[in-house]
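The values are calculated or read from the model by the stated rules, or taken from the named source; none is laboratory data. The structure displayed is predicted, hence computed values, not measured ones. For neighbour counting, all protein chains shown are included, and Cβ atoms are generated from backbone atoms with ideal geometry for every residue, glycine included.
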Amino acid sequence: MKRVYCVFILLSVYVIFGAGNHPVFAHGVHYKVDKAEAMIIKVEYDGGEPMGYAEVKIFSPDDQKVEYQNGRTDREGRFSFLPEKGGAWKVVVSDGMGHGVTAEVSADHRPDAGKMVQSAGFNTWQKVIIALSVIWGLIGFAFFFQARIIKRQ
């Protein structure tokens with residue numbers, strides 16, 4: 001009888017964790033892709049070669065001392081950011097070898113035109129089913145151990 005229970009438990013663990021081809025995460029993570037107009041900055045050397053992977057610092061019109069955003073250009077020398085309001089934004093680009101540029105770019109403030117295109121994570125029904133499955137499993141374990149205690153008496 002013990003072998004039957006052990007096989008059942010091992011089979012349950014395999015089905016829950018091993019048989020599925022879906023990734024298991026500790027917490028749900030959501031993402032969304034917004035379609036909005038961003039400012040794209042392309043930086044090149046004098047010879048036309050892109051300034052790839054150069055350091056970029058963006059300063060907002062309100063605070064020219066604290067960075068609003070920072071990062072690196074891509075391989076083609078492009079960097080994009082989404083200004084939260086209009087005004088003159090300061091952009092500082094440096095390749096770390098003495099080459100760089102400081103420029104002010106003007107951004108017209110437009111309301112966020114983003115719309116959700118994709119999302120991932122557990123929806124409400126999946127969370128309910130998972131919770132009910134966990135409760136059902138705990139009840140099953142409780143009856144299993146209760147039956148063992150009654151059998152011993």
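Is there a residue being closer than 30 Å to VAL33 by Cβ, aliphatic (A, V, I, L, M) and modelled with pLDDT under 85 anywhere in segment 93-109? Yes, the conditions are met somewhere in segment 93-109.
Scanning segment 43-63 for residues that are touching a strand residue (DSSP E or B) at 6+ places or on another chain (Cβ under 8 Å), under 21 Å from HIS99 (Cα atoms) and assigned to a loop (DSSP other than H, G, I, E, B) gives VAL43, MET51, TYR53, ALA54.
Among the residues of segment 34-53, those that are among the β-branched types (Val, Ile, Thr) and either within 21 Å of GLY86 (Cβ to Cβ) or surrounded by fewer than 11 Cβ atoms within 10 Å (Cβ to Cβ) (or both) comprise ILE40, ILE41.
Taking segment 55-76 as the search range and keeping residues that are at pLDDT below 95 and in contact with a Gly (Cβ under 9 Å, 6 or more places away or on another chain), which one is surrounded by the most Cβ atoms within 10 Å (Cβ to Cβ)? Restricting to residues being at pLDDT below 95 and in contact with a Gly (Cβ under 9 Å, 6 or more places away or on another chain), the top hit is SER60.
Scanning segment 77-100 for residues that are outside any loop (DSSP other than H, G, I, E, B) and either among the hydroxyl-bearing types (Ser, Thr, Tyr) or surrounded by 14 or more Cβ atoms within 10 Å (Cβ to Cβ) (or both) gives ARG78, PHE79, SER80, PHE81, GLY87, TRP89, LYS90, VAL91, VAL92, VAL93, SER94, GLY100.
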